[in-house]
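The structure appears below as structure tokens.
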Amino acid sequence: MITKNKHHAVAAQYLCDFCSEPVSNPLCPFCLATEIEAWLTLYPDLRKKLLPRMKNYLNQVDYSVLDSTQCIKCGNRRASVCPYCFTEFVLRELKKLEANKIILTEFFQFFNFDFDHTEYSSEAEKLGII
């Protein structure tokens with residue numbers, strides 16, 4: 001946990017369980033998974049294959065009320081994994097499932113949390129997806 005003292009108020013910022021960076025975009029992986037699940041309704045065959053993998057991942061996420069950032073969507077303290085790490089996992093799974101270029105392009109349009117364009121965005125550029 002990182003704490004900062006500004007104007008005599010102490011604010012807590014928790015680190016991602018995977019990358020150990022501060023969770024600066026506090027959208028929990030459960031809410032993000034719900035959004036990805038909604039998008040996948042456009043691709044029912046892919047949805048059948050990807051959802052069990054996402055659920056398995058989410059079952060492994062260790063979150064507790066005391067050690068997680070509060071999610072800005074659901075309000076629960078379960079943003080223990082940053083959106084970048086979760087979407088990176090989903091992208092890897094999409095590639096393992098051999099999702100086509102259109103699907104990968106859409107995924108990047110809707111769920112790209114690589115704001116610095118240093119990680120998976122670079123790979124996407126090389127693949128001609130973005």
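The values are calculated or read from the model by the stated rules, or taken from the named source; none is laboratory data. What you see is a predicted model, and the numbers here were worked out from it, not measured in a lab. Reconstructed Cβ throughout: ideal geometry from the backbone, glycine too, with neighbour counts over all protein chains shown.
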task = Would you point out the residue of region 6-23, among those that are at pLDDT 65 or above and assigned to a loop (DSSP other than H, G, I, E, B), that is surrounded by the most Cβ atoms within 10 Å (Cβ to Cβ)?
result = VAL23
request  = Starting from residues that are in contact with a Cys (Cβ under 9 Å, 6 or more places away or on another chain) and among the charged types (D, E, K, R), keep the ones in region 65-86 and report whichever is modelled with the lowest pLDDT.
outcome  = ARG78
task = Could you please find all residues in region 96-120 being β-branched (Val, Ile, Thr) and outside any helix (DSSP H, G or I)?
result = THR118
remark   = Only one of (1) touching a Lys or Arg at 6+ places or on another chain (Cβ under 8 Å); (2) touching a residue at least 24 places away in the same chain (Cβ under 8 Å); (3) of a type outside the set (D, E, K, R) does not apply to LEU40, and that is (2)
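Rundown of residues vs (1) closer than 27 Å to SER122 by Cα; (2) in a strand (DSSP E or B); (3) modelled with pLDDT under 90; (4) basic (Lys, Arg), yes/no style:
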{"site": "PHE30", "(1), (2), (3), (4)": "yes, no, no, no"}
{"site": "ARG53", "(1), (2), (3), (4)": "yes, no, no, yes"}
{"site": "TYR63", "(1), (2), (3), (4)": "no, no, yes, no"}
{"site": "GLU88", "(1), (2), (3), (4)": "yes, no, no, no"}
{"site": "LEU94", "(1), (2), (3), (4)": "yes, no, no, no"}
